[in-house]
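The values are calculated or read from the model by the stated rules, or taken from the named source; none is laboratory data. Source: prediction; values computed, not measured. Because the Cβ atoms are built from the backbone with ideal geometry, glycine has one as well, and the counts that use them run over all protein chains shown.
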Amino acid sequence: MLVGWCQENDLVVANTWFENHPRRKWTWISPGDKYRNQIDYVLIQSRFRNAVLSAKTMPGADYGSDHNPVVCKVHAKLKALKKPKHQMKYNLKALNKDPDLRNKFTIDVKNKFEALEACTAEERQWEILKDSIEKAAEENIPKQPKREHKKWMTQSILDKMALRQKAKQDP
């Protein structure tokens, strides 16, 4: 059934190609450790089959399932993406709280708009408008402070993982 579906969709089963130790092939162990089967597969488009370097199970992985995770190493050539230019975030709430700052910012923007009246090309007007607002914001509005991120792996989680590992080892 799976083989027919893979043929129809031009897929290949990657974790059946490699000669691994039987311990690295089994993806499921029955309760009571009576049966061991390979029932989880890595499917990949046939045009990428030469990129697969290895595929095997990780029987020692610590997570709550009777299945072993299947790990597949793939040699991938990815295009380098251009990172977007980091935009400065301004504390706009400061404009609402401080009327002096708001007045100074509006006067600065109005002064920079004077160059806008002389220009007739719409594209150039947009550039002047954008630049004048950015420069006025940079000169007057304070920067937004960076937020601190909470650590997601806490000591209590590590303790629970150790307790769970100990419970798995002691029958």
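Things worth noting here:
- The strands (runs of 3 or more DSSP E) found wholly in the stretch 1-89 and carrying at least 1 residues that are small (Gly, Ala, Ser) occupy 52-57.
- Pairing residues of the stretch 152-169 that are among the polar types (S, T, N, Q) with residues that are modelled with pLDDT under 90 and outside any helix (DSSP H, G or I), at Cβ distances under 9 Å and at least 6 apart in sequence or on separate chains, gives 165/62.
- Residue 111 vs. criteria touching a Pro at 6+ places or on another chain (Cβ under 6 Å) and surrounded by 11 or more Cβ atoms within 10 Å (Cβ to Cβ): no
- Residue check for residue 59: surrounded by fewer than 10 Cβ atoms within 10 Å (Cβ to Cβ) and farther than 20 Å from residue 3 by Cα: no
- Qualifying position, being touching a helix residue (DSSP H, G or I) at 6+ places or on another chain (Cβ under 8 Å) and either at pLDDT 85 or above or within 30 Å of residue 27 (Cβ to Cβ) (or both), among 69, 99, 59: 59
- Qualifying residue in the stretch 96-115 (condition: in a loop (DSSP other than H, G, I, E, B), over 35 Å from the mean Cα position of the chain (by Cα) and among the acidic types (Asp, Glu)): yes
- The listed residue being in contact with a Leu (Cβ under 9 Å, 6 or more places away or on another chain) and either under 24 Å from residue 164 (Cβ atoms) or among the hydrophobic types (A, V, I, L, M, F, W, C) (or both), out of 2, 53: 2
- Taken over the stretch 102-127, the residue count meeting the criterion of being at pLDDT 80 or above and in contact with a helix residue (DSSP H, G or I) (Cβ under 8 Å, 6 or more places away or on another chain) is 5.
- Only one of the numbered conditions (1) surrounded by 14 or more Cβ atoms within 10 Å (Cβ to Cβ); (2) in a loop (DSSP other than H, G, I, E, B); (3) among the aliphatic types (A, V, I, L, M) is not met by residue 153, and that is (1).
- Evaluation of residue 161 against (1) modelled with pLDDT under 85; (2) assigned to a helix (DSSP H, G or I); (3) within 27 Å of the chain's Cα centre (by Cα) (one fails), failing number: (1)
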